[in-house]
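The values are calculated or read from the model by the stated rules, or taken from the named source; none is laboratory data. Owing to the predicted nature of the structure, the values given are computational and were not obtained by experimental measurement. So basically every Cβ, Gly included, is an ideal-geometry build from the backbone, and we count neighbours across all protein chains shown.
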Amino acid sequence: MSGLIKSGLDNQKYRWFKETAAVAQLWEASLMLVTALENTFLPHGAPDREAQPDQPTRDRWRARYRNALIRLGDAGIEVTADAQAGAEAYGMEEIDAAMSGKALTVAAPTRALATSSPNFE
């Protein structure tokens with residue numbers, strides 16, 4: 001969530017919000033939760049923190065990011081003008097923070113949220 005706030009919201013309009021203590025606390029709490037879940041549900045330990053996620057995992061993260069931007073935009077929230085850079089920042093923050101590797105993956109979206117989407121070319 002905090003990765004989406006940092007990478008997906010328009011910087012000019014929401015910079016003040018992105019830099020608040022509340023967003024920083026959300027980030028820290030998310031990391032604590034991931035660590036607790038990791039310790040509880042991964043009996044063989046955490047995935048290799050140096051391993052890079054495979055392409056299908058990266059594609060799922062990019063699709064989730066694109067769908068989140070669409071939802072935010074539909075709600076009247078201004079999103080980043082550079083969706084590609086935002087997706088890269090989001091993917092690296094969220095995947096690295098979750099230590100995704102092969103252990104923590106997210107199902108691909110089941111449907112598109114809108115017929116138009118931010119440009120990811």
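Does region 77-94 contain any residue that is crowded, with 18+ Cβ neighbours inside 10 Å, modelled with pLDDT of 90 or more and touching a strand residue (DSSP E or B) at 6+ places or on another chain (Cβ under 8 Å)? Yes, because at least one residue in region 77-94 is crowded, with 18+ Cβ neighbours inside 10 Å, modelled with pLDDT of 90 or more and touching a strand residue (DSSP E or B) at 6+ places or on another chain (Cβ under 8 Å). Among the residues making up region 1-59, those that are under 25 Å from residue 81 (Cα atoms), modelled with pLDDT under 90 and out of contact with any helix residue (DSSP H, G or I) (no Cβ under 7 Å at 6 or more places or on another chain) are 55, 57, 59. For region 25-53, the set of residues classified as assigned to a helix (DSSP H, G or I) and either touching a residue at least 12 places away in the same chain (Cβ under 8 Å) or charged (D, E, K, R) (or both) consists of 26, 27, 28, 30, 31, 34, 38, listed by residue number. Residues considered: 65, 14. Of these, the only one that is over 13 Å from residue 90 (Cβ atoms), assigned to a helix (DSSP H, G or I) and not small (Gly, Ala, Ser) is 14. Could you tell me whether region 2-14 includes any residue that is surrounded by fewer than 11 Cβ atoms within 10 Å (Cβ to Cβ), without any contact (Cβ under 8 Å) to a residue 60 or more places away in the chain and of a type outside the set (S, T, N, Q)? Checked region 2-14: no residue is surrounded by fewer than 11 Cβ atoms within 10 Å (Cβ to Cβ), without any contact (Cβ under 8 Å) to a residue 60 or more places away in the chain and of a type outside the set (S, T, N, Q).
Restricting 81, 29, 87, 46 to those that are at negative phi and within 11 Å of the chain's Cα centre (by Cα) reduces the list to 87.
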